[in-house]
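Comments concern the structure below.
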Amino acid sequence: MSLYLDNDISIANLFRAVSQAELNDLTNFGGLRQKPDGLSYEGKLFATSAEDAAHFGRINYRLDIIIGLDNPFHVIEVSVPEALMHRFEFRTVDFMPAVYVIEDLLPLLNRHVIIREISVVPLAR
């Protein structure tokens with residue numbers, strides 16, 4: 001989905017399921033980054049819809065429950081200028097379209113995005 005700002009900048013919306021710890025870090029740090037202790041995937045993976053991000057979150061949450069963790073997730077919306085989208089990798093993950101941003105591009109992404117938490121995501125799957 002795209003929208004246009006007043007100055008004709010086209011915006012793409014990406015979505016990501018995050019843990020409470022990642023949401024807190026995003027707020028405190030002021031953007032997306034690798035987990036500070038280094039125990040995370042190198043870049044960031046985004047869904048192209050809120051429903052798919054919630055589906056990723058539900059998959060991961062179920063896995064957390066199986067190993068004894070209580071780690072509910074949140075869905076964030078990341079509004080990105082479409083001019084940056086060509087720098088990212090487009091993939092299919094679990095039969096869903098996804099966008100991967102490598103670690104080196106996270107500072108650029110952070111300078112140009114608006115990030116907000118989505119409070120309610122409809123169940124699509």
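If you go through region 24-58 and pick out every residue that is more than 15 Å from residue 93 (Cα to Cα), surrounded by fewer than 17 Cβ atoms within 10 Å (Cβ to Cβ) and of a type outside the set (Lys, Arg), you end up with 13.
For region 1-26, the candidate set comprises residues that are more than 17 Å from residue 72 (Cα to Cα) and of a type in the set (Val, Ile, Thr); within that set, the residue that is modelled with the lowest pLDDT is 9. Across region 59-76, a minimum of one residue is classified as buried (at least 18 other Cβ atoms within 10 Å of the Cβ) and at pLDDT 95 or above. Taking the numbered list (1) in a loop (DSSP other than H, G, I, E, B); (2) modelled with pLDDT of 85 or more in turn, residue 125 passes all entries but (2). Residue 40 falls short on exactly one of the conditions (1) under 20 Å from residue 100 (Cα atoms); (2) outside any loop (DSSP other than H, G, I, E, B); (3) at pLDDT below 90; (4) hydroxyl-bearing (Ser, Thr, Tyr), and that condition is (2).
The values are calculated or read from the model by the stated rules, or taken from the named source; none is laboratory data. The structure displayed is predicted, hence computed values, not measured ones. A quick note on method: Cβ atoms are made from the backbone with ideal geometry, for glycine too, and the neighbour counts reach across all protein chains shown.
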